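Visitor: Below is the structure I would like to discuss, written out as structure tokens.
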Amino acid sequence: MDERLPYVPGFADRRSPRAPKREGRALREAVPRRAHAGFSEAPGRPDAVKAVEESNRGRIGELVPIRVGRMVASPFAFLRGSAGLMAYDLAHGTPATGVGAQICGDAHAANFGLYGDARGGLTIDLNDFDETVRGPWEWDLKRLAASLVLAGREAGADEDVCRAAARDAAGAYRHTLRLLARMPAADAWNAVADEELVSHADAHDLLGTLRRVSEKARRNTSARFAAKSTRETGDGGRVFVDAPPVLRRASDEEAAAVAASLEEYLGTLPEDRLPLLARYAIHDVAFRVVGTGSVGTRSYVVLLLDHRGKPLVLQVKEARPSVLRPYTALAGITGPDSGSGQGPGQGPEHEGRRVVLGQQRMQVVSDTLLGWTTVEGRPYQVRQFRNRKGSVDPAALGAGEIDDYARMTGALLARAHSHSADPLLLAGYCGKSEELDEAVAAFAVAYADRTERDHAELAAAVRAGRLPAEREV
């Protein structure tokens with residue numbers, strides 16, 4: 001060892017070598033893997049209706065019935081809109097390893113999908129990061145497993161198939177971590193490439209569905225959206241066309257505020273992106289309803305046209321504080337989010353920045369135009385809209401496909417977590433046996449049962465008129 005070289009913060013310390021795999025194994029003594037099967041409801045747990053009402057605070061009132069209508073559609077849809085309630089349950093009713101990672105925070109089975117890379121290809125990964133924080137890695141895994149049980153039930157699969165999907169998602173997560181732990185650090189960072197994913201996850205039965213989704217994703221572009229949602233103006237430009245309740249042109253005041261905010265957005269991008277955007281002019285702004293959990297938040301689409309009138313559409317989406325934030329400390333994860341930029345004299349975190357940096361930390365390839373801004377005092381994230389995005393509907397998969405999908409998403413989740421948590425540490429804890437897989441599957445079934453009861457409570461409240469719900473055609 002050359003003692004002339006100082007220790008440089010941000011690098012590993014050669015003077016105090018760690019043994020993360022051994023640390024992971026030792027952690028099993030404090031938190032046995034079988035303990036993850038447990039789920040106990042805390043005495044003060046909010047009921048489902050109160051939880052939905054609380055999560056609706058601060059949203060646009062006229063859109064809340066659409067959100068409730070989407071959540072009441074099925075237990076799986078309820079789970080998709082209730083990340084905060086599940087975070088409460090995980091924090092108060094499940095064991096915690098105390099090992100933190102940059103987590104999605106909402107890693108249900110419908111939040112994985114295809115999207116375009118900078119060279120026109122397609123990649124598959126986690127694709128929704130509204131709730132991302134530094135938190136317990138096992139929360140993402142348990143949310144994924146529970147969602148697979150609910151999606152399988154909605155698709156009509158029997159209980160053995162649903163439980164197997166949850167178990168195999170955890171198994172693929174574990175196997176992928178073991179693979180990454182054996183690789184050199186630089187190789188592991190980008191491992192499990194998309195073209196190898198199906199074989200790695202043994203997801204061959206899913207190939208037909210993935211091909212169909214890929215074909216549809218390639219057509220899902222800004223140009224296609226603009227062709228359907230805009231009209232030509234007399235001066236050669238284009239403007240959005242109202243399509244209520246999902247799309248409406250922004251008022252003059254709204255449009256001006258959103259357009260002006262893009263100056264701040266440009267300052268959050270790498271400098272090499274700026275010449276590209278300088279070739280586009282801003283032509284119109286519209287308000288657009290999105291998502292299930294996001295319904296009622298403020299979200300705009302901005303129409304940009306180049307010198308030939310070809311469109312690029314940006315989405316400017318409100319970034320609310322993560323619903324997991326109040327609970328992570330209860331699981332032993334403290335301090336600012338990874339990459340948040342908080343520190344002495346830096347002031348409060350910008351929620352749009354949190355979302356963008358969390359996404360970039362977890363994905364192998366991210367949207368090249370990701371950034372953030374502020375509109376009338378509210379934080380927003382900015383990204384390309386309809387960037388060749390495509391998704392698999394897990395609730396529409398056959399019994400032979402949902403298990404393949406579970407293994408694929410479990411592998412993707414492990415890859416995402418390994419960017420911020422040492423895969424040797426996680427692999428040491430997860431181990432070689434199927435003990436963790438079986439425990440996560442048991443939890444998933446129990447939590448799916450709890451979610452079905454929560455959904456029934458919400459449905460009863462809607463029927464009684466306590467909560468307005470609007471079903472979309």
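So that you can scan it fast, the table gives a plain yes or no per residue for (1) touching a strand residue (DSSP E or B) at 6+ places or on another chain (Cβ under 7 Å); (2) assigned to a helix (DSSP H, G or I); (3) in contact (Cβ under 8 Å) with a residue 24 or more places away in the chain; (4) over 20 Å from Val365 (Cα atoms):
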| site | (1), (2), (3), (4) |
| --- | --- |
| Leu177 | no, yes, yes, no |
| Leu180 | no, yes, yes, no |
| Val192 | no, no, yes, no |
| Ala223 | yes, yes, yes, yes |
| Glu253 | no, yes, no, yes |
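Visitor: Show the residue pairs meeting these rules: Cβ distance below 6 Å; 6+ apart or different chains; first residue within segment 102-124 and at positive phi and buried (at least 24 other Cβ atoms within 10 Å of the Cβ); second residue of a type outside the set (Ser, Thr, Tyr) and in a helix (DSSP H, G or I).
Guide: Short answer, once both residue conditions are applied: none.
Visitor: I'm told Asp160 meets every condition in (1) over 28 Å from Arg25 (Cα atoms); (2) in contact (Cβ under 8 Å) with a residue 24 or more places away in the chain except one. Can you identify the failing condition by its number?
Guide: (2)
Visitor: Do we find that Pro379 is within 30 Å of Val301 (Cα to Cα) and either free of Cβ contacts under 8 Å to residues at least 60 places away in the same chain or assigned to a helix (DSSP H, G or I) (or both) in this structure?
Guide: Spelling it out, it is not the case that Pro379 is within 30 Å of Val301 (Cα to Cα) and either free of Cβ contacts under 8 Å to residues at least 60 places away in the same chain or assigned to a helix (DSSP H, G or I) (or both).
Visitor: Being closer than 26 Å to Gly98 by Cα, in the same structural domain as Ala51 (by TED's automatic domain parsing) and touching a Cys at 6+ places or on another chain (Cβ under 7 Å) is the requirement here; does Leu436 meet it?
Guide: yes
Visitor: Within segment 26-35, is there a residue that is at pLDDT below 95 and either part of a helix (DSSP H, G or I) or not hydrophobic (A, V, I, L, M, F, W, C) (or both)?
Guide: So far as segment 26-35 goes, no, none of its residues is at pLDDT below 95 and either part of a helix (DSSP H, G or I) or not hydrophobic (A, V, I, L, M, F, W, C) (or both).
Visitor: Which condition from (1) modelled with pLDDT of 95 or more; (2) surrounded by 21 or more Cβ atoms within 10 Å (Cβ to Cβ) is the one that Ser55 breaks?
Guide: Only one criterion is unmet by Ser55, namely (1).
Visitor: Within segment 359-384, take every residue that is of a type in the set (A, V, I, L, M, F, W, C) and more than 16 Å from the chain's Cα centre (by Cα) and give me the one that is surrounded by the most Cβ atoms within 10 Å (Cβ to Cβ).
Guide: Only one residue tops the list, namely Trp372.
Visitor: Checking Ser420 against (1) at pLDDT 95 or above; (2) assigned to a loop (DSSP other than H, G, I, E, B); (3) within 20 Å of Thr297 (Cβ to Cβ), which test does it fail?
Guide: With (1) at pLDDT 95 or above; (2) assigned to a loop (DSSP other than H, G, I, E, B); (3) within 20 Å of Thr297 (Cβ to Cβ) applied to Ser420, the lone miss is (3).
Visitor: Among the candidates Ala439, Ala456, which residue alone is out of contact with any Leu (no Cβ under 9 Å at 6 or more places or on another chain), assigned to a helix (DSSP H, G or I), of a type in the set (A, V, I, L, M) and free of Cβ contacts under 8 Å to residues at least 24 places away in the same chain?
Guide: Ala456
Visitor: Of the residues Ala101, Ala96, which single one is touching a strand residue (DSSP E or B) at 6+ places or on another chain (Cβ under 8 Å), assigned to a loop (DSSP other than H, G, I, E, B) and of a type in the set (A, V, I, L, M, F, W, C)?
Guide: The match here is Ala96.
Visitor: Out of (1) part of a loop (DSSP other than H, G, I, E, B); (2) over 30 Å from Val258 (Cβ atoms); (3) of a type in the set (Val, Ile, Thr), the odd one out for Val445 is which?
Guide: (1)
Visitor: If I ask for residues that are over 18 Å from Glu452 (Cα atoms) and assigned to a loop (DSSP other than H, G, I, E, B), which ones from segment 42-69 would you list?
Guide: Pro43, Gly44, Asn56, Arg57, Gly58, Arg59, Ile60 - these are the residues of segment 42-69 that are over 18 Å from Glu452 (Cα atoms) and assigned to a loop (DSSP other than H, G, I, E, B).
Visitor: Still on this model: Filter segment 385-403 for residues that are within 18 Å of the chain's Cα centre (by Cα) and in a helix (DSSP H, G or I) and give the result.
Guide: Across segment 385-403, the qualifying residues are Pro394, Ala395.
Visitor: Shifting gears a bit: Being assigned to a helix (DSSP H, G or I) and under 30 Å from Val241 (Cβ atoms) is the filter here; which residues of segment 271-285 pass it?
Guide: Of everything in segment 271-285, those that are assigned to a helix (DSSP H, G or I) and under 30 Å from Val241 (Cβ atoms) turn out to be Arg273, Leu276, Leu277.
Visitor: Can you spot a residue in segment 301-321 that is over 18 Å from Ala257 (Cβ atoms), at pLDDT 95 or above and among the acidic types (Asp, Glu)?
Guide: yes
Visitor: Among (1) within 21 Å of Asn387 (Cα to Cα); (2) exposed (fewer than 11 other Cβ atoms within 10 Å of the Cβ), there is one condition Leu247 misses while meeting the rest; what is its number?
Guide: (2)
Visitor: Output the residues belonging to segment 293-314 that are farther than 30 Å from Ala51 by Cβ and charged (D, E, K, R).
Guide: Of everything in segment 293-314, those that are farther than 30 Å from Ala51 by Cβ and charged (D, E, K, R) turn out to be Asp306, Arg308, Lys310.
Visitor: Got a sec? Which of Thr297, Thr268 is modelled with pLDDT of 95 or more, polar (S, T, N, Q) and part of a loop (DSSP other than H, G, I, E, B)?
Guide: Answer to the selection: Thr268.
Visitor: If you don't mind, another one. Go through segment 54-77 residue by residue and tally those that are farther than 23 Å from Ala146 by Cα and acidic (Asp, Glu).
Guide: Residues meeting the conditions: 1.
Visitor: Out of Asp235, Asp202, Asp160, which single residue is part of a loop (DSSP other than H, G, I, E, B), more than 30 Å from His307 (Cα to Cα), over 22 Å from the mean Cα position of the chain (by Cα) and of a type in the set (Asp, Glu)?
Guide: Asp202
The values are calculated or read from the model by the stated rules, or taken from the named source; none is laboratory data. These figures come from a predicted structure and were not determined experimentally. Positions of Cβ are generated from backbone atoms using ideal geometry, with glycine treated the same way; all protein chains shown enter the neighbour counts.
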